[in-house]
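Step one of this worksheet: look at the structure below.
Every read-out reported here was derived from the displayed coordinates using simple, explicitly stated rules and does not represent laboratory data. In this text the structure is predicted, and so the values were computed from the model without any measurement. Positions of Cβ are backbone-derived with ideal geometry, glycine not excepted, and every protein chain shown enters the neighbour counts.
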Amino acid sequence: MKKIALWPIIKASFTDIYENLGWVLFMSVIWSGFAAPFLFAIFPGNLSTPLRIILGSSVIVLGPATAGCYYIANKLIKRELVEWRDFFYAFKKFFWKAAALTLILITAIAILLVNFIFYFQMHSPFIKVLSIVWLYVIIFLGIMQTYMFPLLIEQDTGIKKIVKRSFLLSIDNIGITLVIFLIVTALLIICILTGVGALLVMMGMKSFFDTRTFLSVMEKYEDAPEL
């Protein structure tokens, strides 16, 4: 199997972002527009319960909007011609699979987070330490997510296969994927803290990093049987 180096992936990802900064802005702003209602629904505030439910239902479009960003990133990395309509093409094409993938991720993280909080509040020191396991599982889900949307765009396969292949790719390339995950997480935190960064570059940047990582890692499996 071909050995995959980490530094070329990092360098290429930053180069992709720099060379396609206009598209990074486009993807990030349009994704933020789709994400805003859901974020308002889950953040603390004085919103009424019915309004939170209405805003929260917008989670259904969060996945398709994410798929639109990853689709554009995939085409740009491959040096293919891209138009703004491509975002909405992917939004429509991957709507149900992307929506299901996002709902599964959010539900899984929510359940794990509730378990962590529940066990961490126990008086037993042993249980408190044991509760950290739930955090590790959440982190691993974040690592797996690196591959989920790139797999959806590149292979357009079923949800079960996407989750399975993301798991296997994460396990088999844990070193590279963990470092990329930490870099992207650090960049996302910086974007969120700056406020404007979250609006202008966050999703575009993540789409390029994840897609570049996926395409690079898949090179080592070119002659391998299908997972």
Report the calculated FRET efficiency for Leu113 and Ile60 (r = Cβ-Cβ distance, R0 = 22 Å), to the nearest 0.05.
0.55
Using the per-residue mean of other Cβ atoms lying within 10 Å as a proxy for protection, in what order, highest first, do the peptides 163-174, 140-151 fall?
140-151, 163-174
For the pair Lys220 and Glu19, how long in nm is the line joining their label points, each one 7 Å along Cα→Cβ?
2.4 nm
Förster-model FRET efficiency, 22 Å R0, Leu103 and Ile139, C-beta, rounded to 0.05
0.60
Calculate the spin-label point distance for Arg85 paired with Phe120, positioning each point 7 Å from the Cα along the beta-carbon direction, and give it in nanometres.
4.9 nm
Distance violations [Cα-Cα > 18 Å] among Lys3/Lys161; Lys3/Lys220; Lys93/Lys164; Lys97/Lys206:
Lys3/Lys161; Lys93/Lys164; Lys97/Lys206
Net dipole in debye of the chain [+1 Lys, Arg Cβ; -1 Asp, Glu Cβ; about Cα centre; nearest 20]:
280 debye
Under the Karplus relation 6.51 cos²θ - 1.76 cosθ + 1.60, θ = phi - 60°, what is the ordered set of whole-Hz ³J(HN,Hα) values for the range 144-153, x standing for Gly and Pro?
4, 5, 3, 9, 4, 6, x, 5, 4, 5
Say R0 is 45 Å: what FRET efficiency, to the nearest 0.05, do Asp156 and Leu51 get from their beta-carbon distance?
0.80
What are the aspartates and glutamates whose alpha-carbon lies under 16 Å from the alpha-carbon of Lys92, with same-chain residues fewer than 8 places away excluded?
Glu83, Glu154, Asp156
Could you tell me the center-to-center distance, by alpha carbons, between the range 114-146 and the range 11-53 in angstrom?
27 Å
Summed over the other residues with a beta carbon less than 9 angstrom from that of Tyr71, with K and R at +1 and D and E at -1, the charge totals +1
At 4 °C and a viscosity of 1.567 mPa s, what translational diffusion coefficient does Stokes-Einstein give for the chain, taking Rh as the Kirkwood radius over Cα pairs? Give it in µm²/s as a whole number.
70 µm²/s
